[in-house]
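Chemist: The structure that follows is given in the form of structure tokens.
Derivation of every value follows stated rules applied to the coordinates shown; laboratory data play no part. The structure presented is a predicted model; accordingly, all values stated were derived computationally and were not measured. Positions of Cβ are generated from backbone atoms using ideal geometry, with glycine treated the same way; all protein chains shown enter the neighbour counts.
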Amino acid sequence: MDFSEFFHDEKTVFAVIRALEEAGAPSTTVWLVDWQNPERNHFAFSEEVTIEGRHIKRPDIVIYLNGIAIGVLELKRSTVSVSAGIRQNLDNQRREFIRPFFTTIQLIMAGNDTEGLRYGTIDTLKILSGVEGGKPGL
């Protein structure tokens, strides 16, 4: 089991914590992000990550910070509206799809080369903010 699988398996994480507490181990804080020295963090991007839930989904791009998924980007062709990517992101967050994957996601994005990029946070009913031509917009 790699770290990302371990981290996302709540039952395992809490079982380990309980076992350490019961054994009288001193508590400690583990910082998953080095905010004081950002250059020490590791950023990565992955394309077409396969996520299995009740259904198999493949977000176009997943952004990782120190191995933790923090962002999802859905890209569409210029002939497909950005709203299709927004709907896809919103649908993926539903329990019947891959909701557990979104426990660490902080930013969801959808875009194409004609309408620009729209972004929001998880559970956003409608992504209102956007970037077009490098300038923030609505």
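Chemist: Hey, rough spin-label estimate for residue 34 and residue 80, points 7 angstrom out along Cα→Cβ, what's it come to in nanometres?
Modeler: Label at residue 34, label at residue 80, 3.9 nm between them.
Chemist: Where does the charge balance sit around residue 46 when Lys and Arg score +1, Asp and Glu -1, over other residues with C-beta under 13 Å from its C-beta? Don't skip to the end; give the middle numbers.
Modeler: Details: positive: 58; negative: 47, 48, 60.
Summing Lys and Arg as +1 and Asp and Glu as -1 gives -2.
Chemist: While we're looking at this one, here's another question. Can you work out the Karplus-derived ³J(HN,Hα) for every residue in the stretch 46-63? Use 6.51 cos²θ - 1.76 cosθ + 1.60 with θ = phi - 60°, whole Hz, and x for glycine or proline.
Modeler: Going residue by residue, I get 10, 9, 6, 6, 7, 10, 9, x, 5, 10, 8, 10, 9, x, 4, 9, 10, 9 Hz, with x marking Gly and Pro.
Chemist: Further question: When the Karplus curve 6.51 cos²θ - 1.76 cosθ + 1.60 is applied with θ = phi - 60°, which whole-Hz ³J(HN,Hα) does each residue of the stretch 79-94 get, with x for Gly and Pro?
Modeler: So the Karplus estimates, Gly and Pro as x, are 7, 10, 5, 4, 4, 5, x, 5, 4, 4, 4, 5, 4, 4, 7, 6 Hz.
Chemist: Still on this structure, I have one more. Once you put a point 7 Å from the Cα of residue 87 and another 7 Å from the Cα of residue 23, both along the Cβ direction, what distance in nm separates them?
Modeler: Placing both labels 7 Å along Cα→Cβ, they lie 5.2 nm apart.
Chemist: What net charge do the residues around residue 74 carry, taking every other residue with its C-beta under 13 Å from that of residue 74, with Lys and Arg at +1 and Asp and Glu at -1?
Modeler: +1
Chemist: Need one word for the stretch 36-137: rounded, prolate or oblate. Basis is the Cα gyration tensor (sqrt eigenvalues a ≥ b ≥ c); a/c below 1.5 gives rounded, then a/b vs b/c decides.
Modeler: Here the stretch 36-137 falls in the oblate category.
Chemist: Something else now. Amide H neighbours of residue 122 under 5 Å, at least 5 residues apart or on other chains, H built in the peptide plane: list them.
Modeler: Under 5 Å from the amide H of residue 122 lie the amide H atoms of 108, each far enough along the sequence or on another chain.
Chemist: Still on this structure, please answer the following. Please list the non-local residues whose amide H lies under 5 Å from the amide H of residue 74, H modeled 1.01 Å from N, same-chain partners needing a gap of 5 or more.
Modeler: 109, 110, 111
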